[in-house]
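J.: I have a structure here, written as C-alpha cells, and I will follow up with some questions on it.
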Amino acid sequence: MDLFFSSGDPVNPFVIFDGAHRLSLVVLAVAGYVTIRLGRAGTEETRRRIKRGMGAVLLITFVEGHFWYAFHGEWVLAERLPLHMCGAMVWVSIYGLWTDRPWTRPLMYYLGIAGAIQGVLQPDSPNGLPHVRFMSTMLSHTTLVVAGLWVILVEKYTPSLRSTWRTFALVHVYAAVIFVFNLLAGTNYLYIVEKPESASLMDVFPEWPWYLLVLEGLLLAIVAGMYLPFARPRRA
C-alpha cells in the first residue's frame, strides 16, 4: 500500500523520463491512438460511448485526487481548487464531451492539449509508478490531450482565425480574474504571482513580472503553431 497510496516522502520517487515514466508514456500514447482510431471508424453510438467514457475518466481522476489529498490531510485552498489551466479544462472537457457544445471545441483543442502536455511530460507527483497519484495524474492529462485531438480528428472541427483569437483573448481574461483572486486569497493559481516552488521549465525564466512576458510569447507561439495547419492562404 505504501507504493500505491502513501503520503509523505515517496517510497518510489518520480524521476522524469526514467523507465517507468517512458513506459507510461508509451502505454498511454497507444491507448490514445486506439481511442482516436475507434472513434474515426466507429458508429455514432460508438463515438458517443467513447466520449462519455473519456468524460468519466476525467471526473473519476478529479474526484480521486481530491479524495487522496483530503484523506491525507493535504487538501488546502491555496493549492487544490481547480483553477490552474488543466483543472479548469477538466470541467470544460467533461462538459464538451457530454454535450457537444461548439464553444468548447477550440478550448479543448488549444488549451486542453497545450496545457496538459506539460502535465504528461512532467506530472505533478513526487511519486512514481505504481502510485495512484502518478497514474491518476498521467491518465487525466493524457485524456485531456486525447479529447483535444478528438474534436479535430474525429469530430472534424476546423479552428477559424476568429475562434483562435477568441480563445487567446479568453485566456487573458481568465488570467486577469485569477490574478485578482490570487491577490485576495493569497494563492498562486496559474503561477502568475510567482514561479512554482517545484522544479519546472519556468526555473530558467527571469523573475516576476518578466517571466510573464516569456509565457505570453510562448502562448502566442503555441497557439499560432496549432492554428497553422488550418490556416488558409489568401488568394491573389
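J.: Can you find, among T104, N12, I94, the residue farthest towards the positive end of the dipole of the stretch 1-126? Put +1 on the C-beta of Lys and Arg, -1 on that of Asp and Glu.
T.: T104
J.: Under a Cβ-only charge scheme (Lys and Arg +1, Asp and Glu -1), can you give me the dipole magnitude of the chain about the Cα centre, in debye to the nearest 20?
T.: With Lys and Arg at +1 and Asp and Glu at -1, about 1560 debye.
J.: Quick one: if the Förster radius is 35 Å, what FRET efficiency do R40 and I16 give, using the C-beta to C-beta distance and rounding to 0.05?
T.: Numbers: r = 32 Å, r/R0 = 0.92.
Given R0 = 35 Å and the Cβ-Cβ separation, E is 0.60.
J.: By how many nm would the segment from A221 to A185 grow when fully extended, if each residue of separation counts as 0.36 nm and the alpha-carbon distance is taken off?
T.: 9.8 nm is the gain from fully extending A221 to A185.
J.: Which whole DSSP H helices in the chain pass both tests: a Cα extent of 15 Å or more along the axis and a mean Kyte-Doolittle value no lower than 0.5? Before the final figure, lay out each step's value.
T.: Details: long enough: 19-41 (33 Å, 1.00); 44-71 (40 Å, -0.05); 85-99 (21 Å, 1.29); 132-153 (30 Å, 1.46); 161-185 (36 Å, 1.28); 210-227 (26 Å, 1.86).
The answer, listed by residue number, is 19-41, 85-99, 132-153, 161-185, 210-227.
J.: Cα centroids of the stretch 185-217 and the stretch 39-55: how far apart, whole angstrom?
T.: Going from one Cα centre to the other spans 38 Å.
J.: Related question: What number, rounded to the nearest 500 deg cm²/dmol, is the helix-based mean residue ellipticity at 222 nm of the chain, given -39500 (n - 2.57) per DSSP H run of at least four residues and division by all its residues?
T.: Taken over the chain, the calculation gives -21000 deg cm²/dmol.
J.: Could you calculate the contour length gain from E74 to L23, that is, 0.36 nm times the residue separation minus the distance between their Cα atoms, to one decimal place in nm?
T.: Once the chain is fully extended between E74 and L23, it gains 15.5 nm.
A short reminder: the numbers here are calculations on the coordinates, not readings from a lab. Please read these numbers as outputs of a predicted model, since none were measured by experiment. A quick note on method: Cβ atoms are made from the backbone with ideal geometry, for glycine too, and the neighbour counts reach across all protein chains shown.
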